[in-house]
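Asks: Can you read through this structure? Questions will come right after.
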Amino acid sequence: MRDEVVETTPRSNSGALLAAIAVAMLLGVGAMIWSYSLSNKLAAQQQAMTDSTAQNTKLAAALQDTNARLNVATDELKTSLGLTQKQLDTRSAALQIREVRGEQTTARLATAQKQTAGQVEAVQTDVGGVKTDVAKTQSDLAETNTQMTSMKGDLNGHSTLIARNADELEILKHKGDRNYYEFTLVKGQKKQVGTVSLVLKKADSKRSKYTLGVFSDDKQYEKKDKSLNEPLQFYSGKDPMLYEIVVNNVSAKNTVTGYLSTPKGAPAPVVIAGGGR
């Protein structure tokens, strides 16, 4: 029994040693392989760094060359333009002054526009007032036309619109339908009115009656014992046209006032140049 034990112990120690040696060899081989791989990677990285450094050197040289060319081009441009730095600064200052003046001009224009707008508004207000006044005048004129009297004349009962005073006569004149000649006659004095002649033969202020003599186309008409505002009618001219006489007032001094009305197109009185009569 003891002999068997003594014989088995050396064999166990020898196997363990061999296993340790094998492991150590494997580790050594692995370390060698890793070291070789790491060495290759380091060498590749060093080569990449070298290449990168060379590329950067080329880029720096190219950049320096480009800057030099730009400086030359800038100098040539300044020379071709004939501008120095001082001139450039002067130009810049002038442009700034123009901008300031432009802003000031814009401000003045804005102020002027506001003033103009205010003036236009004031004018529009005035125009509105004028329109109102015109409308009122037209209304008053329409009312006056309504109030004016249409009278029958003394010739064939022909009815006509007459003026009883100066205001109504102005309205008739503005209508533009006929020509109007105002007159004042003194008893016994023959006076030319328009293209005819008139003479006051009789004036009765108490009864507001009068008698007129009318001379037209070598003819004489007597309008006897007529009343105020009564149209006295007669025909005159080569192509007979209807003329009308209206007396508005008979005074106590044997004087009458009124007007002669003639159609548009009727002969006009001849005015002698320099004549005072």
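The values are calculated or read from the model by the stated rules, or taken from the named source; none is laboratory data. Everything numeric in this text was worked out from a predicted model, so none of it was measured. Every residue, glycine as well, gets a Cβ built from its backbone with ideal geometry; the counts of neighbours run over all protein chains shown. Heads up: the accessible areas ignore ligands, DNA and RNA and are worked out on the full protein's heavy atoms, side chains in. Shrake-Rupley method; radii C 1.70, N 1.55, O 1.52, S 1.80 Å.
Asks: Between Asn249 and Ser35, what length in nm is gained on full extension when 0.36 nm per residue of separation is reduced by their alpha carbon distance?
Replies: Net length gain for the segment: 62.2 nm.
Asks: Could you pull out every residue, at least 5 positions away or on a different chain, whose amide H is within less than 5 Å of the one on Gly153? Hs are placed 1.01 Å off N in the peptide plane, and Pro or chain starts have none.
Replies: Here His158, Ser159, Thr160 satisfy the definition.
Asks: Lys86 versus Met49, label points 7 Å from Cα toward the beta carbon: distance in nm?
Replies: For Lys86 paired with Met49, the spin-label model returns 5.5 nm.
Asks: How large is ³J(HN,Hα), in whole Hz, for each residue of segment 231-242 in order, when computed from phi with the Karplus curve 6.51 cos²θ - 1.76 cosθ + 1.60 and θ = phi - 60°, using x for Gly and Pro?
Replies: My calculation for segment 231-242 gives x, 9, 10, 7, 9, 8, x, 4, 9, x, 10, 7 Hz in order.
Asks: Just to verify a number: FRET efficiency for Ile171 and Ala112, C-beta to C-beta distance, R0 = 35 Å, to 0.05?
Replies: 0.15
Asks: Another one. Return the FRET efficiency for the residue pair Lys206, Tyr235: r is the Cβ-Cβ distance, R0 is 35 Å, and the value is rounded to the nearest 0.05.
Replies: 0.60
Asks: Something else: Quick check: residue separation of Ser150 and Ala94 times 0.36 nm, minus the Cα distance between them. What number comes out in nm?
Replies: Additional length available on full extension: 11.9 nm.
Asks: Next question. Find, among the trypsin sites (Lys or Arg not before Pro) in segment 141-247, those assigned to loop by DSSP (not H, G, I, E, B) with at most 11 other beta-carbon atoms within 10 angstrom.
Replies: Loop-located and lightly packed - Lys206, Arg207, Lys238.
Asks: Suppose R0 equals 45 Å. What FRET efficiency, 1/(1 + (r/R0)^6) with r the Cβ-Cβ distance, do Lys219 and Thr132 give to the nearest 0.05?
Replies: Calculated transfer efficiency: 0.30.
Asks: Turning to a different aspect of this structure: Does segment 218-277 come out rounded, prolate or oblate by the C-alpha gyration tensor, with a ≥ b ≥ c the root eigenvalues, rounded set by a/c under 1.5 and, if not, prolate when a/b is larger than b/c and oblate if not?
Replies: Since a/c reaches 1.5 but b/c is at least a/b, the shape of segment 218-277 is classed as oblate.
Asks: Kindly identify segment 141-277 as rounded, prolate or oblate by the Cα gyration tensor criterion: order the square roots of the eigenvalues as a ≥ b ≥ c, call it rounded if a/c is under 1.5, otherwise compare a/b with b/c, prolate if a/b is larger, else oblate.
Replies: Rounded, since a/c falls under 1.5.
Asks: While we're here: Roughly how many percent of the accessible protein surface of segment 192-277 is carbon and sulfur, given a 1.4 Å probe and a whole-percent answer?
Replies: With neighbouring chains kept in place, the figure for segment 192-277 is 49 percent.
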